[in-house]
Amino acid sequence: MDRAFEAVISEALEIAEYEVVSTESYVNEKNSVYTAVKLACLEALKGPCEESKTIHMRGGVIGDHVYKTTGIPILSEGERYILFASNEPFCP
């Protein structure tokens, strides 16, 4: 296993498989586009796993316009993902 990936695993407070329940894009008070992503925990792999949680990610779809941020993934409703959580901010 790659040492950099081993470091990511060891530094993660939580690693879990989540399913995206819903997504809703919005414009915040600073006129930036974000998407609220509601997640359901399917399996905890390391640390605690909240039954459900909502994360806010930069970018999204407002009307016919798609707003993307380099390096920020777009999570799709109904899809499953392995997510790693730490104390570091994910999305500015």
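The values are calculated or read from the model by the stated rules, or taken from the named source; none is laboratory data. Quantities reported herein were computed from a predicted structural model and do not represent experimental measurements. Cβ sites come from the backbone with ideal geometry, for glycine too, and all protein chains shown count toward neighbours. Heavy atoms of the whole protein, side chains included, go into the accessibility calculation; ligands, DNA and RNA do not. Shrake-Rupley method; radii C 1.70, N 1.55, O 1.52, S 1.80 Å.
What to note about this one:
- Test set (1) open to solvent by less than 100 Å² (accessible area, probe 1.4 Å); (2) in contact with a Cys (Cβ under 8 Å, 6 or more places away or on another chain) - ALA7 fails condition number: (2)
- Long-range neighbours under 8 Å by Cβ, at least six apart or interchain, first residue outside any strand (DSSP E or B) and of a type outside the set (Lys, Arg) within region 14-35, second open to solvent by 60 Å² or more (accessible area, probe 1.4 Å) and at pLDDT below 95: SER32/ARG58
Residue by residue, here is whether (1) out of contact with any strand residue (DSSP E or B) (no Cβ under 6 Å at 6 or more places or on another chain); (2) of a type in the set (D, E, K, R); (3) modelled with pLDDT of 95 or more holds:
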| residue | (1), (2), (3) |
| --- | --- |
| ILE9 | yes, no, no |
| GLU14 | no, yes, no |
| GLU19 | no, yes, yes |
| GLU24 | no, yes, yes |
| ASN31 | yes, no, no |
| VAL37 | no, no, yes |
| ALA40 | no, no, yes |
| CYS49 | no, no, no |
| LYS53 | no, yes, no |
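- Filter result (exposed (fewer than 14 other Cβ atoms within 10 Å of the Cβ), outside any strand (DSSP E or B) and touching a residue at least 24 places away in the same chain (Cβ under 8 Å)) within region 43-65: GLY47, PRO48
- Some residue of region 72-84 being over 21 Å from GLU6 (Cα atoms) and of a type in the set (Asp, Glu): yes
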